[in-house]
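Here the structure comes first, spelled out in structure tokens, and everything after it is commentary.
The values are calculated or read from the model by the stated rules, or taken from the named source; none is laboratory data. These numbers come from a predicted model, not from an experiment. Virtual Cβ from ideal backbone geometry, glycine too; neighbours counted across all protein chains shown.
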Amino acid sequence: MATLDILTYPDPRLHLVASAVDEVDSLVRQLVDDMAETMYRAPGVGLAAPQVNTLKRVIVVDTSEERNDLRVLINPELVDQDGKQKTEEGCLSVPGIYDVVERYQRIQVRALDRDGEPFVLEAEDLLSVCIQHEIDHLDGKVFVDYLSRLKRERIRKKMLKQLQHVS
Ligand code: NI
């Protein structure tokens with residue numbers, strides 16, 4: 001396994017749309033394992049393949065406190081949703097920034113697991129938020145896209161300044 005580099009907002013590659021996985025083969029499983037290691041190492045509660053510069057519809061999430069409940073969703077699709085909730089979100093691609101986003105309270109999502117087996121997951125609260133956040137990444141959407149233009153501009157400038165400090 002290996003940890004992967006995470007793209008940082010406002011990298012334009014974060015706004016590309018990922019394509020469906022045709023077959024869950026050993027390369028996809030390798031990606032899943034590397035993404036899980038990268039997420040745990042960061043540490044974060046979720047990671048989507050486009051964040052590690054791979055345009056595949058693959059996400060990993062673990063919202064458990066013990067960090068022992070890895071969920072792998074390949075080609076995830078919302079099949080049902082209900083209610084609303086507002087939660088403060090953050091993102092490994094937007095380090096240090098947290099803001100409130102409105103999402104569905106409960107979702108039902110259909111996906112393939114790491115073995116390519118289909119399953120349906122019902123999620124609410126934090127897990128639901130996290131899955132919605134990660135599915136957004138597959139569609140080229142970062143949580144700051146829900147914020148006002150003014151806030152987004154401020155975040156963009158802050159991120160660019162941090163990047164300059166690094167290089
Ligand atoms: Ni994110």
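Only residues that are part of a strand (DSSP E or B) and within 14 Å of the ligand (Cβ to nearest atom) were counted across the range 77-103, and they come to 6. The numbered conditions (1) more than 23 Å from Tyr9 (Cα to Cα); (2) part of a loop (DSSP other than H, G, I, E, B); (3) out of contact with any helix residue (DSSP H, G or I) (no Cβ under 6 Å at 6 or more places or on another chain) are all true for Arg114 except (3). Checked against (1) at pLDDT 95 or above; (2) away from the ligand (no atom under 16 Å from the Cβ); (3) not polar (S, T, N, Q), Leu160 passes all but a single condition, namely (1).
Being near the ligand (Cβ under 10 Å from one of its atoms), in a helix (DSSP H, G or I) and among the β-branched types (Val, Ile, Thr) is the filter here, so list the residues in the range 124-156 that pass it. Walk me through how you get there before you give the answer.
Of the residues in the range 124-156, the ones near the ligand (Cβ under 10 Å from one of its atoms) are 130, 133-134, 136-137, 141-144.
From what's left, in a helix (DSSP H, G or I): 130, 133-134, 136-137, 143-144.
Within the range 124-156, Val144 is the sole residue that qualifies.
Filtered by the rule that a residue be of a type in the set (D, E, K, R) and touching a residue at least 60 places away in the same chain (Cβ under 8 Å), the range 35-64 gives a lone residue, Arg57. Would you mind telling me which numbered condition in (1) under 24 Å from Glu124 (Cα atoms); (2) modelled with pLDDT under 95 Gly44 fails? Here Gly44 meets the rest and fails (2).
Which of the residues that make up the range 58-76 are outside any strand (DSSP E or B) and in contact with an Asp or Glu (Cβ under 9 Å, 6 or more places away or on another chain)? Within the range 58-76, Asp62, Thr63, Asn68, Asp69, Leu70 meet the criteria.
Would you tally the residues in the range 147-161 being in contact (Cβ under 8 Å) with a residue 24 or more places away in the chain and within 12 Å of Val94 (Cα to Cα)?
Number satisfying all stated conditions: 5.
Counting residues in the range 145-157 that are under 20 Å from Ala42 (Cα atoms), of a type outside the set (D, E, K, R) and modelled with pLDDT of 95 or more gives zero. The test for being surrounded by fewer than 18 Cβ atoms within 10 Å (Cβ to Cβ), within 20 Å of Val129 (Cβ to Cβ) and without any contact (Cβ under 8 Å) to a residue 24 or more places away in the chain holds for Val100. Among the residues making up the range 1-37, a single one is in contact with an Asp or Glu (Cβ under 9 Å, 6 or more places away or on another chain), assigned to a helix (DSSP H, G or I) and within 17 Å of Val142 (Cβ to Cβ): His15. Annotation: of all residues in the range 105-153 being exposed (fewer than 15 other Cβ atoms within 10 Å of the Cβ) and among the small types (Gly, Ala, Ser), the one that is nearest to Leu78 (Cα to Cα) is Gly116.
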